[in-house]
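Every number here is computed from the coordinates shown, using simple stated rules; none is lab data. Remember, it's a predicted structure, so these values are computed and weren't measured experimentally. As a convention, Cβ positions derive from the backbone with ideal geometry for all residues, glycine included, and neighbour counts pool all protein chains shown.
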Amino acid sequence: EKGVEAETLACGTGSIASALVSHRTGKTRSQEISVRMPGGELKVGFEGPSSDPQKLYLEGAADLVYRGTLEL
């Protein structure tokens with residue numbers, strides 16, 4: 001990821017890609033897949049065939065890491 005100087009503990013894009021490949025290659029049959037990473041577990045879900053998913057979702061825990069004000 002641009003600007004990241006160390007390993008990240010989770011990757012949403014990678015989780016979705018891994019889940020779709022896992023389903024498409026027959027490693028899993030469910031269209032709702034749990035992906036475990038050092039930063040925690042993410043739930044990936046999709047509708048339609050894994051070769052052409054129509055709706056994707058990603059669920060997992062989130063932490064507030066910054067609070068600020070933006071003046072325009």
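Here are the numbers for this structure:
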read-out: Packing-based exposure ordering (other Cβ within 10 Å, fewest first) of 57, 66; value: 66, 57
read-out: CD proxy at 222 nm, helix term only [per DSSP H run n ≥ 4: -39500 (n - 2.57); per residue of the chain; nearest 500]; value: -5500 deg cm²/dmol
read-out: Karplus 3J(HN,Hα) series, Hz, for the stretch 59-70 with 6.51 cos²θ - 1.76 cosθ + 1.60 (x for Gly, Pro); value: 10, x, 5, 9, 10, 6, 10, 7, 9, x, 10, 10
read-out: Exposed-loop-free span, longest in the chain, where GluC sites (Glu not before Pro) count as exposed if DSSP calls them loop and at most 14 other C-beta atoms lie within 10 Å; value: 8-70
read-out: Overall dimensions of the chain by Cα: Rg and Dmax, Å; value: 15.1, 50
read-out: Nonlocal amide H pairs with residue 11, under 5 Å, H built at 1.01 Å; value: none
read-out: Cleavage-rule hits, trypsin sites (Lys or Arg not before Pro), the stretch 1-38, DSSP coil, Cβ neighbours within 10 Å at most 10; value: 2, 29
read-out: Degrees between helix 12-24 axis and first principal axis of the chain (Cα, 0 to 90, nearest 10); value: 0
